[in-house]
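Data first, discussion second: the structure below is written as structure tokens.
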Amino acid sequence: QKEVEQNSGPLSVPEGAIASLNCTYSDQGSQSFFWYRQYSGKSPELIMFIYSNGDKEDGRFTAQLNKASQYVSLLIRDSQPSDSATYLCAVTFNKFYFGSGTKLNVKP
Amino acid sequence: EAGVAQSPRYKIIEKRQSVAFWCNPISGHATLYWYQQILGQGPKLLIQFQNNGVVDDSQLPKDRFSAERLKGVDSTLKIQPAKLEDSAVYLCASSLSADYNSPLHFGNGTRLTVT
């Protein structure tokens, strides 16, 4: 059974701080890695994807992948109250596997 | 580019009734997915289509759930008869290809309440 694990949170950070969201996965053959943001009552929205080891930056967001440790993370710099949402990690190995999400609260 | 369209947005039915959901994917997206998301959980795949063929329906409760994508574009998901535990959000998603490197793009979902 392939698994994607996320801390359910809530993770609380003050406005302007860096939020660090983590995800571990069980299958070493996993191919692609995605982060989705889901506001309460809304559908998941793609934030970033990463395929190779290392860092990928897009604006205030950085995705970090370490395949040897089976670990992918999302850093949000200069966190804003509008970043408050649940962040879903998705990993693919012949299908998409989703974690249960980490709830992030950014306090003004 | 228009996104994934779903309808209805909300549906309330009694147990043992039937319900149907409709999805229109992003134009040009050959792969279409139906997911079930229960509150506090990640989306769970029900069925994946590539054009009008089924790629994966291993987690679809086939005694009560059915889905079709007859012309390789729109899709319908049906539940008959519904159970209380079917209360969830049903998400349709599409992707450009089925190689699992293309991200999923989700519709707004249908929130189903079974009473």
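Just the residues that are within 22 Å of A:Gly99 (Cα to Cα) and among the aliphatic types (A, V, I, L, M), please, taken from region B:1-54.
Matches in region B:1-54: B:Leu32, B:Ile38, B:Leu39, B:Leu45, B:Leu46, B:Ile47.
If B:Phe49 passes every condition in (1) away from chain A (no Cβ under 14 Å); (2) buried (at least 19 other Cβ atoms within 10 Å of the Cβ) but one, which one does it miss?
(1)
Are any residues in region A:11-36 in contact with a Ser or Thr (Cβ under 8 Å, 6 or more places away or on another chain) and under 11 Å from A:Thr102 (Cβ atoms), and if so, which ones?
A:Leu11, A:Ala19, A:Ser20, A:Leu21, A:Asn22, A:Cys23
Being closer than 23 Å to B:Leu45 by Cβ, surrounded by 14 or more Cβ atoms within 10 Å (Cβ to Cβ), without any contact (Cβ under 8 Å) to a residue 60 or more places away in the chain and out of contact with any helix residue (DSSP H, G or I) (no Cβ under 9 Å at 6 or more places or on another chain) is true for just one of A:Ser43, A:Ser30, A:Ser73. Which residue is that?
A:Ser43
For region A:1-21, name all the residues that are polar (S, T, N, Q) and buried (at least 18 other Cβ atoms within 10 Å of the Cβ). So that I can check it myself, show each step before the final result.
Filtering region A:1-21 down to residues polar (S, T, N, Q) leaves A:1, A:6-8, A:12, A:20.
A:Gln6, the sole residue that qualifies.
Test B:Asp86 against the criterion of being buried (at least 20 other Cβ atoms within 10 Å of the Cβ) and under 14 Å from the mean Cα position of the chain (by Cα), and give yes or no. Don't jump to the end; show me each part of the working.
Working: buried (at least 20 other Cβ atoms within 10 Å of the Cβ): yes; under 14 Å from the mean Cα position of the chain (by Cα): yes.
Taking the combined requirement at face value, the residue satisfies it.
So which residues in region A:86-108 are buried (at least 19 other Cβ atoms within 10 Å of the Cβ) and more than 14 Å from every other protein chain (Cβ to nearest Cβ), if there are any at all?
Selection gives A:Leu104, A:Val106.
Go through B:Pro25, B:Pro43 for me and flag whichever is surrounded by 17 or more Cβ atoms within 10 Å (Cβ to Cβ) and under 21 Å from B:Lys71 (Cα atoms).
Values: B:Pro43 fails: under 21 Å from B:Lys71 (Cα atoms).
Answer to the selection: B:Pro25.
Say we look at region B:54-112 and pick out the residues that are within 14 Å of chain A (Cβ to nearest Cβ), of a type in the set (D, E, K, R) and outside any strand (DSSP E or B); which of these is farthest from B:Ile12 (Cα to Cα)?
Step by step, filter region B:54-112, then rank; the result is B:Asp99.
Step by step: first the residues of region A:58-85, then only those that are of a type in the set (Asp, Glu) and away from chain B (no Cβ under 14 Å), then the one that is nearest to B:Phe49 (Cα to Cα). Which residue is that?
If we filter region A:58-85 for residues that are of a type in the set (Asp, Glu), which is where we start, we get A:58, A:78, A:83.
Checking the rest, the ones that are also away from chain B (no Cβ under 14 Å) come to A:78, A:83.
Numbers: A:Asp78: 40, A:Asp83: 33 Å.
Across region A:58-85, the extreme among qualifying residues is A:Asp83.
Report the residue count in region A:1-34 for those that are within 12 Å of chain B (Cβ to nearest Cβ), closer than 15 Å to A:Cys89 by Cα and among the small types (Gly, Ala, Ser).
4
Rundown of residues vs (1) surrounded by 20 or more Cβ atoms within 10 Å (Cβ to Cβ); (2) in a loop (DSSP other than H, G, I, E, B), yes/no style:
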| residue | (1), (2) |
| --- | --- |
| B:Gln6 | yes, no |
| B:Arg16 | no, yes |
| B:Ala20 | no, no |
| B:Trp34 | yes, no |
| B:Leu39 | no, yes |
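Return yes or no: is A:Ser82 surrounded by fewer than 18 Cβ atoms within 10 Å (Cβ to Cβ), modelled with pLDDT of 95 or more and among the small types (Gly, Ala, Ser)?
yes
The values are calculated or read from the model by the stated rules, or taken from the named source; none is laboratory data. As the structure is a computational prediction, the values presented were derived from the model and not from experiment. Methodologically, a virtual Cβ is constructed for each residue, glycine included, from the backbone with ideal geometry; neighbour enumeration extends over all protein chains shown.
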